[in-house]
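I have placed the structure first, in the form of structure tokens, so that the comments after it can refer back to it.
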Amino acid sequence: MLKDVVEMTVGATALCFGDLSQGLPTIAASTGVVAAVLGRDKQLSGECARVLKRVEKEYAKALTHFPEDHAILMRQAMEAVDGIAASCLFEPRQLAQSALTPEGFPGAATRQLRAEIARRASHLDDDQLDFAARMIGTCLEAAVEEDAFYRQFRKQLSIAQAQQIGLIRAEQAEIARRVDEIFNTVVGAPREFLENIAQRFGHDNPDAPLPDLQRFLKDKAAEYRELKTRFAALAEADGRIANLMAAAEDAIARGDFAEADVRLSDAEEMQVQEHALAPIRKLADLREQRGRAALLAGDADKALVHFQEACDPFDALDVMEGWERRAVFAQALYDSGARYGGTGLAGTILLLRKNLTVVTRGGSANFWAGTLNNLGIALEAQGTRTGGSAGTDLLGQAVAAYRAALEVRTREAHPVDWAMTQNNLGNALYQQGTRTAGSAGADLLGRAVAAHRAALEVRTREAHPVDWAGTQNNLGNALYQQGTRTAGSAGADLLGKAVAAYRAALEIFTREAHPVQWAITQNNLGGALYQQGIRTDGSAGADLFGQSVAAYRASLEVRTREAHPVQWAMTQKNLGLLYECWSEIETEHSTSHLRSALSAVDLSLEIYDPVHMSHYHQQATALREDILAALEDASE
């Protein structure tokens, strides 16, 4: 018996996710359940104990490599199964009965164990019971594939089956002697295969003499060798189906012909699919290169057409390949649109919406939620650049996408993804708040602050320093907007908190380690210092303006026109706004400040597209008109 069921739980969870890459072998997954089910068999229990010595060393290091959301599922599974499965033991009679049911041993044993767990732990809901049953079933299936367990287990089941169907009527010692006598004369086929064939022959011919059985097994061994040769030739001809062919061959070796037929059917389907997909993949790769070339030339519309034509044909043959290609192309269009403007963001949104029709919440909840999160990011980026009601509508769609994603990305099940989406939701609410006047805008900004603070509960500096810094920067943005709308000491306090949040982010976002994030945060810090300067009289206010200019110019060292034209223009516009305000405070330098302001705003307008960046263009144009009017007044 195992001292604990921890090893079973970790291994089973890994199997459920199809992830054995962290060094935990399949046998570790099967040990706990096999010991629980077959624990009264001393020989099997001894095998379990020997396996444990190898498992214990790997358990501690394996658990640390699993993602955090997987580890939570492990702990939930342990709570559901611990203390229950280890006492659910089967007698040999029960083993034989379950093995002779239509569903076979793993299925019947799993069903009976689930019923026993449900009886003993009435507080568990159906989802928990199904998860526990899924682990147990996976472990049992893995167990019977392990040579050490399989040899012992199959022998016990074979004897029990033989006793019930009348194949062998003598004492067990005589049975073993006669079977060995046959197997010693038959070569070229696995013993397990021959045992199953012998049982079937005995069932159909209960009175047949031993020589007849021996001739029958020799013929079947010859057929097996011929079939194995054909398997090897087919697998060599097309390596893509080698795994399925190996699974089918293994099933035949175990005498499980129904399973072999399923695997061969899968191989046949894959073979047909692969032959159909091969030319489509070649065309898709060419289309992709044409799309990337178009994107390189700055034509996002043409790139989108090529990307769509590279993806759509897969929907009828391999849905996930089409989905994966769209996700990659959507990111390429997003990067182009975010950096250079144009229609790249619109193309991103179109591809991601298509992916939401391909992968549904019911079919693949995690993929669906991830797509919604990425769609929200693209909608938010597009919304911030679009003026009027159209931009407001895009931001509303971004908020809706994030909230839908959070229905799957819960804090309990997916804490890291939950925190990421909370952070993104906070950004979209912030953008909505900046465009909404009065109490409604204040409410949106309050929600943005709350979302970022929630994200920071998971995104701690110790556990996730880079994500922590990013959320600190975003929290600073929301606090900054709240501060600009709040009068008196309360507003000054909010601006102070915003500056503190930006400075905290810069402790992680250094220019050397994270130059782009460093530049973004420097730009935002410049805005908060500027607002503090407006509210501060005398030399202290002038000093804050100077710090603001320094922060903006530091940002422009990384946010160059060549590398980041849109962000470069944004910082130039911010400099223009600062110099305009400074001209009103330092009247002796008014004209000089206004000329600096006009120069910076004119630079931003060289980048701001009036169609695809209408919101930014409108802001910069209005600011330019104000500066020109102020210059005219100053000249008089």
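The values are calculated or read from the model by the stated rules, or taken from the named source; none is laboratory data. Just so it is clear, the model here is predicted, and its values are computed rather than measured. With ideal geometry, Cβ positions are generated from the backbone for all residues, glycine too; neighbour counts draw on all protein chains shown. For the accessible areas, the whole protein counts, side chains as well, though only heavy atoms, and no ligand, DNA or RNA atoms are used. Shrake-Rupley method; radii C 1.70, N 1.55, O 1.52, S 1.80 Å.
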*Say each of V319 and E606 gets a label point 7 Å from the Cα, pointing the same way as Cα to Cβ; how far apart are those two points in nm?*
5.0 nm
_Positive minus negative residues near S590 (Lys, Arg vs Asp, Glu; Cβ under 11 Å)_ = -4
*On the full set of protein chains, 1.4 Å probe, figure out the accessible area of T587 and give it in Å² to the nearest 10.*
100 Å²
*Please give the solvent-accessible surface of L631 in Å², to the nearest 10, using a probe radius of 1.4 Å with every protein chain present.*
40 Å²
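Can you figure out the FRET efficiency of S265 with R461, using R₀ = 45 Å and their beta-carbon distance, to the nearest 0.05?
0.25
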*Provide the solvent-accessible area of R553, counting protein heavy atoms only and rolling a 1.4 Å probe, rounded to the nearest 10 Å².*
120 Å²
*asked:* I'd like the FRET efficiency for A400 and D130, computed as 1/(1 + (r/R0)^6) with the beta carbon distance as r and R0 of 35 Å, rounded to 0.05.
replied: 0.70
*Along Cα→Cβ, 7 Å out, is where each label goes; now give me the distance between the ones at E512 and H589 in nm to one decimal.*
3.2 nm
*asked:* Over the range 435-521, with the other protein chains present, what is the accessible area per residue in square angstrom, probe 1.4 angstrom?
replied: 43 Å²
*Based on the alpha-carbon gyration tensor of the range 307-405 and its eigenvalue square roots a ≥ b ≥ c, which shape applies: rounded if a/c is under 1.5, prolate if not and a/b is larger than b/c, or oblate?*
oblate
*Diffusion constant of the range 477-593 at 37 °C, which comes from Stokes-Einstein with the Kirkwood Cα-pair radius and 0.692 mPa s, µm²/s*: 227 µm²/s
_Potential extension, K302-R353 segment - 0.36 nm per residue separation minus Cα distance_ = 16.5 nm
*Gain in length, E116 to L628, computed as 0.36 nm per residue apart minus the alpha-carbon separation, to one decimal in nm?*
176.1 nm
*Using 0.36 nm per residue of separation minus the Cα-Cα distance, give me the extension gain between A442 and V328 in nm, one decimal.*
37.3 nm
